[in-house]
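Encoded as structure tokens, the structure appears first; notes follow it.
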Amino acid sequence: HGVDQVAAFLESIPAPTAAKVVQFLLPHYAARVCNILEPERLHSLFAYSEIGTVAAILRHFSKSDRSLILEQLPTKLQLACSLLLNYSQEMVGAWITPQVATVPDNYTVDEAINYLKNTEDIVHTDSIFSITRDREFRGRLKWVELIKAAGETPVSNLTENKGSKLRARLRLEEAATHNDWKRFHEIPVINRNQKFIGVLCHTDLRKGLEHL
């Protein structure tokens, strides 16, 4: 189908459904389609899309058009996309999931559960990630262990320091050889200041490698 026909189809269906369709298009083709959508439709479509999908599509827009689109997106999505777009496509940072469950390392179990209940737009991952107030990574804990533990238990008692971290500027080919993929579906990612910025999921690693 031609770009115009696909765009017309996306205009005619509900935005959440359109977002699912766009996820299966190649980013460079999706960008051509998105380029001719009505601005309101484009913004609502992106609001329902995964961050990684939006960032991958925006890479194929000019810098000025990209900035204009980002300005119209919800703040959280805008910040998350900008974070991914800071890194070139062959780097880990371009493929991370920033909005994962994190809890401050000095919380009790009760405090952590309340904190997570009040955190919106979390992408569900196998682990919860414990970080300091300065966003330094402390370790990971299992959902089931958090829920089963006594309310006054410190989160630090449940945190496992197993596994290492990936640097955001590490090349994807190097990240692919990491031993932690044998044990975990996602690996925490840190920036150059050693701050936790999200996780790299194995599915996104594979997606990124296909683009190289």
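Please list, by residue number, every one of the chymotrypsin sites (Phe, Trp or Tyr not before Pro) in the stretch 139-212 that is coil in DSSP and has at most 16 other beta-carbon atoms within 10 Å.
In loop regions of the stretch 139-212 (DSSP not H, G, I, E or B), there are no sparsely surrounded chymotrypsin sites (Phe, Trp or Tyr not before Pro).
Can you grab the distance from the C-alpha centre of the stretch 1-28 to the C-alpha centre of the stretch 167-187, Å, no decimals?
32 Å
If the chain between THR177 and GLN23 were fully stretched, how many nm would it gain, using 0.36 nm times the residue separation less the Cα-Cα distance?
Working: separation 154, 0.36 × 154 = 55.44 nm, distance 2.65 nm.
Length difference between fully extended and current span is 52.8 nm.
Among CYS34, SER49, ALA149, which residue has its Cα positioned farthest towards the positive end of the charge dipole of the chain, with +1 placed on the Cβ of Lys and Arg, -1 on the Cβ of Asp and Glu, and the dipole taken about the Cα centre?
Checked the options; the winner is ALA149.
Evaluate E = 1/(1 + (r/R0)^6) for GLU136 and HIS202, where r is the Cβ-Cβ distance and R0 equals 35 Å; express this FRET efficiency to the nearest 0.05. Walk me through the intermediate numbers first.
Working: r = 24 Å, r/R0 = 0.69.
Efficiency for this residue pair is about 0.90.
For the stretch 1-151, state what percent of all Cα-Cα pairs lands in each successive 5 Å bin, counting from 0 Å until the bin that includes the largest distance.
Pairs per bin, as whole percents: 1, 9, 16, 18, 15, 12, 10, 8, 6, 3, 1, 0.
Just to be sure I follow the definition: excluding the sites themselves, where is the longest run in the chain that has none of the trypsin sites (Lys or Arg not before Pro) in a DSSP loop with at most 11 other Cβ atoms within 10 Å?
Here the longest segment lacking exposed loop sites spans 1-132.
Could you check the spin-label model distance between ASN35 and GLN78? Points 7 Å from the Cα along Cα→Cβ, value in nm.
Result for the modelled spin labels: 2.5 nm.
With +1 on each Lys and Arg Cβ and -1 on each Asp and Glu Cβ, how big is the dipole of the stretch 135-176 about its Cα centre, in debye rounded to the nearest 20?
Charge dipole, the stretch 135-176, about its Cα centre: 180 debye, nearest 20.
Can you work out the accessible area per residue across the chain, with the rest of the protein chains kept in place, probe 1.4 Å, in square angstrom?
On a per-residue basis, the chain sits at 54 Å².
Loop-only check: which GluC sites (Glu not before Pro) in the stretch 115-204 are DSSP coil with at most 16 other Cβ within 10 angstrom?
GLU120, GLU152
Where the accessible area of the stretch 69-163 is counted over protein heavy atoms with a 1.4 Å probe, how much of it, in %, is carbon and sulfur?
47 percent
Could you size up the charge dipole of the chain around its Cα centre, putting +1 on the beta carbon of Lys and Arg and -1 on that of Asp and Glu, and report it in debye to the nearest 20? Don't jump to the answer; show the numbers that get you there.
Numbers: 25 positive and 25 negative charges, 117 e Å.
Roughly 560 debye for the chain.
Based on the Cβ-Cβ distance from TRP143 to ASP4, what FRET efficiency comes out when R0 is 45 Å, to the nearest 0.05?
0.50
Placing +1 on the Cβ of each Lys and Arg and -1 on the Cβ of each Asp and Glu in the stretch 22-117, which of PHE24, THR75, ASN86 has its Cα farthest towards the positive end of the resulting dipole?
After comparing all options, I get PHE24.
About the Cα centre, and with charges only on the beta carbon of Lys, Arg (+1) and Asp, Glu (-1), how big is the dipole of the stretch 41-100? Nearest 20 debye, please.
Charge dipole, the stretch 41-100, about its Cα centre: 100 debye, nearest 20.
Collect residues whose amide H, placed 1.01 Å from N in the peptide plane, falls under 5 Å from the amide H of ARG138; neighbours closer than 5 in sequence don't count.
When sequence neighbours closer than 5 places are left aside, the close amide H contacts are SER130, ILE131, THR132.
The values are calculated or read from the model by the stated rules, or taken from the named source; none is laboratory data. Computed from a prediction, not measured in an experiment: that's the story for all the values here. With ideal geometry, Cβ positions are generated from the backbone for all residues, glycine too; neighbour counts draw on all protein chains shown. With ligands, DNA and RNA removed, areas are computed over all heavy atoms of the protein, side chains included. Shrake-Rupley method; radii C 1.70, N 1.55, O 1.52, S 1.80 Å.
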